[in-house]
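Below is one structure, written out as structure tokens; the observations come after it.
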Amino acid sequence: MNLAVIGAGYVGLVTGACLADVGNKVHCVDSDPAKLRLLRGGHLPIYEPGLEALVARNTASGRLVFTADLASAVADADVVFIAVGTPPCEDGAADLGHVLQAALDIARTAARDTLVVVKSTVPVGTCDRVREVMEAELARRGVPHELRVASNPEFLKEGHAIDDFQRPDRIVIGTDDDEGCALLRALYAPYNRNRDRLICMDIRSAEFTKYASNAMLAARISLMNELADLAERVQADIEAVRRGTGADPRIGYHFLYAGAGYGGSCLPKDVRALIRLAEEYGAPTDILSSVQAVNLRQRTLLYQKLERFFRGRLAGRTVAVWGLAFKPETDDIREAPAIYLAGRLLRAGATVRAYDPAAGANALRALGGERFSIAEDAYAACQDADALVVMTEWREFKSPDFRGLARLLRGRAVFDARNLYDPRYVEACGLRYEGVGRMGQEAARPAPAATSETAR
């Protein structure tokens with residue numbers, strides 16, 4: 001098929017590259033000249049494992065083309081995907097400006113009947129607004145073309161997006177007509193061979209499914225973090241509790257980890273947008289509001305632990321931070337707990353020396369200053385630091401040399417925000433350990449009062 005993808009951001013790039021890889025001709029449209037130069041030169045504006053090679057292969061074959069010319073991209077397209085951003089407004093609602101502008105631009109240039117698919121994460125009712133905008137513009141032009149609308153929400157995990165697209169657990173299609181569903185079924189046939197993953201429903205239900213999925217995941221994370229706080233108080237180990245609880249097949253282990261709270265571009269934004277949508281319709285949001293409140297509280301946890309450990313004297317301390325992205329295998333620092341922690345430490349007068357395999361440059365742009373720096377490797381970040389905080393569970397952080405860390409860290413304290421380590425083993429290596437909801441937390445005891453040698 002001939003396809004157009006409006007928006008060369010995270011969702012647009014993955015969608016365009018994956019659909020081109022199975023033989024479609026894809027024009028990926030973006031209005032940012034700098035981004036287009038980067039993409040045409042074989043480079044990506046984001047980090048996603050495997051995506052650069054996928055884009056390069058399909059660009060070289062001519063199946064994937066990057067352009068600013070929306071009219072030429074749409075002219076011969078059987079399907080046009082809208083994959084532009086929907087950033088949050090001040091009140092938490094999703095900003096639909098880019099989506100509606102894309103719809104208007106499509107209608108201004110459409111030269112044939114086309115299926116327009118909204119891939120962006122949008123509130124319920126957005127596809128109706130997209131249809132209204134396009135029908136009004138087609139009427140103004142006085143052309144007989146039909147622009148049908150469908151919803152096809154994305155379910156891509158950062159760090160695993162290509163595998164999620166090529167081996168999906170479900171493909172949700174929202175459409176009001178059988179023809180649109182049949183066309184998208186044919187488009188997604190290469191990913192739907194060994195069993196039927198395609199779920200066709202009405203448009204509003206498809207739009208709502210994306211938000212409902214993310215709300216469920218966010219709720220599990222916040223509930224586990226709330227339980228971890230209680231476990232710490234009653235001297236239970238939340239990791240043991242997780243294993244015992246997750247063994248129940250009705251519950252399972254996914255998204256059942258205590259930590260520093262959820263971040264990224266999806267869960268925080270989508271929970272806020274769902275709360276705002278509920279307010280518009282007068283629906284109660286007792287659970288959703290609590291999910292959000294727990295997460296906002298949880299991201300302060302590591303700062304509070306450090307403040308307690310250093311008896312409130314953080315000024316002059318050096319804190320090493322491993323991991324800045326909100327999750328491993330991405331350079332995305334949006335609403336990342338590590339960025340929040342680093343910002344709080346800097347405002348308290350501490351020095352932060354961090355390391356992340358992918359997100360260092362983004363963090364420097366966000367936090368750069370004389371007391372924030374990016375180390376060349378994980379161990380360089382720890383040299384003479386008063387404490388180490390592990391904030392992102394990158395693979396290379398999972399089995400470090402703890403005895404070596406005991407020699408490097410002046411404060412000999414490890415704060416494990418992801419519960420990666422065995423507290424007893426870490427302490428046996430000469431370090432004080434504190435996780436989230438864990439037992440045997442030596443680091444919970446305050447550090448000795450600062451001396452002129454240790455408080456810098």
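Taking 0.36 nm per residue of separation and subtracting the Cα-Cα distance, full extension of the segment from Glu279 to Ala111 would add 56.5 nm. Its DSSP H runs of at least 4 residues, each contributing -39,500 (n - 2.57), put the calculated 222 nm mean residue ellipticity of the chain at -13000 deg cm²/dmol, to the nearest 500. Accessible area per residue was computed with a 1.4 Å probe on protein heavy atoms; Leu183 scores about 40 Å².
How much accessible area per residue does the range 260-371 have, counting only protein heavy atoms and a probe of 1.4 Å, in square angstrom? Don't jump to the answer; show the numbers that get you there.
Details: 4520 Å² over 112 residues.
Per residue, the range 260-371 has 40 Å² of solvent-accessible surface.
Write out the chymotrypsin sites (Phe, Trp or Tyr not before Pro) in the range 239-273 meeting two conditions: DSSP loop, and at most 13 other Cβ atoms within 10 Å of their Cβ. Don't skip to the end; give the middle numbers.
Values: sites: Tyr253, Phe255, Tyr257, Tyr262; in loops: Tyr253, Phe255, Tyr257, Tyr262.
Answer in residue order: Tyr253.
The local environment of Gly411, defined by Cβ-Cβ distances under 10 Å, has a net charge of +2 under the rule Lys, Arg +1 and Asp, Glu -1.
Label positions at Ala236 and Lys157, each projected 7 Å from the Cα along the C-beta direction, are separated by 2.6 nm.
Top to bottom by accessible area (1.4 Å), largest first, where do Tyr281, Tyr188 land? If you can, show how the numbers build up before the last one.
On the way: Tyr281 155, Tyr188 5 Å².
I get Tyr281, Tyr188, largest accessible area first.
When a 1.4 Å probe is rolled over the protein heavy atoms, the share of accessible surface on the chain that falls to carbon and sulfur comes to 51 percent. Extension gain for Asp377-Ala212 works out to 55.5 nm (0.36 nm per residue, less the C-alpha to C-alpha distance). Protein heavy-atom accessible surface, 1.4 Å probe, per residue over the range 1-160: 38 Å².
In this simple spin-label approximation, Asp32 and Ile287 carry label points 7 Å from Cα along the Cα→Cβ vector, and these lie 3.6 nm apart. Heavy-atom accessible area with a 1.4 Å probe sorts Glu434, Glu52, largest first, into Glu52, Glu434. For Ser61, put the label point 7 Å out on the Cα→Cβ axis and report which residues of the range 18-51 keep their amide N under 16 Å from it. Within reach of a label on Ser61: 18-28, 51.
The listed residues His145, His254 rank as His254, His145 when sorted by accessible area, largest first, using a 1.4 Å probe.
Checking the cross-link pairs Lys35/Lys119; Lys119/Lys398; Lys119/Lys327; Lys119/Lys305 against a 29 Å limit on the alpha carbon distance flags Lys119/Lys398; Lys119/Lys305 as lying beyond it. For the pair Glu52 and Asp177, label points projected 7 Å from Cα toward Cβ lie 4.3 nm apart. Placing R0 at 25 angstrom, the Cβ-Cβ distance between Ala136 and Ile199 gives a FRET efficiency of 0.20 after rounding to 0.05. On full extension, the segment bounded by Glu396 and Leu364 gains 9.4 nm, given 0.36 nm per residue less the C-alpha separation. Against the chain, whose longest principal axis is taken from its Cα atoms, helix 97-109 shows a tilt of about 20°. If I fit a long axis through the Cα atoms of helix 337-347 and take the longest principal axis of the Cα atoms of the chain, what angle between them do I get, 0 to 90°, rounded to 10? Roughly 50 degrees between the two axes. Of the trypsin sites (Lys or Arg not before Pro) in the range 243-286, the ones in a loop by DSSP (not H, G, I, E or B) with at most 16 other beta carbons within 10 Å are Arg250.
Computed with a 1.4 Å probe over protein heavy atoms only, the accessible area of Met216 comes to about 140 Å².
Rolled with a 1.4 Å probe across the full set of protein chains, the surface gives Tyr191 an accessible area near 10 Å².
The values are calculated or read from the model by the stated rules, or taken from the named source; none is laboratory data. Keep in mind the model is a prediction, meaning the values are calculated, not measured. All Cβ positions, glycine included, derive from the backbone under ideal geometry; neighbour counts span all protein chains shown. Each accessible area value is taken on the protein alone, full model and side chains, heavy atoms only, with ligands, DNA and RNA left out. Shrake-Rupley method; radii C 1.70, N 1.55, O 1.52, S 1.80 Å.
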